[in-house]
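Working notes for the structure below.
Bear in mind these aren't lab numbers, they're just calculated from the coordinates by the rules spelled out. This one's a predicted model, so the numbers in the text were calculated from it and none came from an experiment. Cβ atoms come from the backbone with ideal geometry, glycine included; neighbour counts cover every protein chain shown.
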Amino acid sequence: MFKHKTILVAGAGGLLGSNLVLALIEQGASVIAADINRQVMTSRLEALAGFNAAGRLTIIELDLNDSGAVKLFFQSVKGLDGAVNCAYPRNKHYGAKLFDVELEHFNENVSLHLGATFLFMQQCAAYFEREKHPFSLVNISSVYGVIAPRFEVYENTAMTMPVEYAAIKSGVIQLSKYLTAYVSNSLFRSNCVSPGGIFDNQPQAFLDKYKAHCMGKGMLDIGDVTGTVLFLLSENAKYVNGQNIVVDDGFSL
């Protein structure tokens, strides 16, 4: 599906990013894997079952909050057919409950994540404007960028749905639509995938309550999300533009 295609995956050291790199390589793509921590990213990729780069993987260290480095990368890279932003920058205060969130920490987290997302989107568009080569950008939002939090699923756990997350992920969807309208060219596509919760060894009490809002699956496996990303990157989604695809087993209904 992706033979002769080169895809950039930012945040390739994370759960979604690393598995997406593997899925793309399995589909024949050449991948540029980028993350703020090269060592962590490399270790995570090498630990994936069945991982074989087959000479089609380039690993780079890139901080999406370093404007100069991001701009330099997009100015120097050639032959990109698409990009996915799986990065999730945040500070050490991220994840506090609403009344414990300080304004400065809220502002910093929104700046780190949504600001980096803006820069990444901007530079993808600038790359397209320069190269005039078909380009598919996939942005990762969340079901909580679409609906209000279901706080009851977090009861009796130490978990919460951070207020910064809601602000950021809803903003990602609107920025993606903005970019599509601004560039206004069928050859440049900017879409979002909004996953529901992804299983990562959360407490059983949370998993049970979450599943009660779904159609049977409950928390998603990472492979349940990568397929939609691959679709949006592919020629099968040639005229899907400015859209947000929710993958959540009905959690948002």
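Would you order Ser190, Ser252, Ser176 from fewest to most other beta-carbon atoms within 10 Å of each residue's own beta-carbon?
On the way: Ser190 27, Ser252 16, Ser176 24.
Placing the least packed residue first, the sequence is Ser252, Ser176, Ser190.
Arrange the peptides 225-235, 8-18 so that the one whose residues have, on average, the most other Cβ atoms within 10 Å appears first. Before the final figure, lay out the partial values.
Values: 225-235: 19.5, 8-18: 25.0.
Output ranking for 225-235, 8-18: 8-18, 225-235.
Would you list which lysines come within 28 Å of Lys211, measuring only between C-alpha atoms, while excluding same-chain residues fewer than 8 positions from it?
Answer for Lys211, where 28 Å is the Cα cut-off: Lys97, Lys169, listed by chain and number.
Sort Arg56, Arg189 by Cβ crowding within 10 Å, fewest neighbours at the top.
Numbers: Arg56 14, Arg189 26.
Starting with the residue having the fewest Cβ neighbours, the order is Arg56, Arg189.
What is the packing order of peptides 32-38, 106-112, taking the mean over residues of other C-beta atoms within 10 Å and listing the highest first? Before the final figure, lay out each step's value.
Numbers: 32-38: 21.4, 106-112: 17.4.
Most protected by this proxy first, the peptides run 32-38, 106-112.
What are the ³J(HN,Hα) couplings of region 90-95, residue after residue, when phi is run through the Karplus curve with 6.51, -1.76, 1.60 and θ = phi - 60°? Round to Hz, x for glycine and proline.
Going residue by residue, I get 7, 9, 6, 8, 4, x Hz, with x marking Gly and Pro.
Kirkwood Rh over Cα pairs of region 6-247 into Stokes-Einstein at 25 °C, 0.890 mPa s: D in µm²/s? Please report the intermediate quantities before stating the final value.
Details: Rh = 18.5 Å.
D, rounded to a whole number, is 133 µm²/s.
For region 84-119, list residues with backbone N below 15 Å from a point placed 7 Å from the Cα of Phe151 toward its Cβ?
Counting backbone N atoms under 15 Å from the label point, the list is 96-101.
List the residues, sorted by chain then number, that are 5 or more residues from Asp248 or on another chain and whose placed amide H is less than 5 Å from its amide H.
Amide H neighbours of Asp248, under 5 Å, 5+ apart: Gly196.
Using 0.36 nm per residue of separation minus the Cα-Cα distance, give me the extension gain between Ala212 and Ser111 in nm, one decimal.
Details: separation 101, 0.36 × 101 = 36.36 nm, distance 3.42 nm.
Length difference between fully extended and current span is 32.9 nm.
Could you state the number of Å between the C-alpha centres of region 163-186 and region 33-82?
Taking the Cα centre of each part, region 33-82 and region 163-186 sit 23 Å apart.
Can you compute the helix-only [θ] at 222 nm over the chain? Use -39500 (n - 2.57) per DSSP H run of at least 4 residues, normalise by all residues, nearest 500 deg cm²/dmol. Don't skip to the end; give the middle numbers.
Working: 8 runs with 96 residues, N = 253.
Computed mean residue ellipticity for the chain: -12000 deg cm²/dmol.
So what is the relative contact order for the chain, in percent, with contacts set as C-alpha pairs under 8 Å and at least six apart? Write down the numbers at each step before the final one.
On the way: 452 pairs, mean separation 44.9, N = 253.
Taking the mean separation of contacting Cα pairs over the length of the chain, I get 18 percent.
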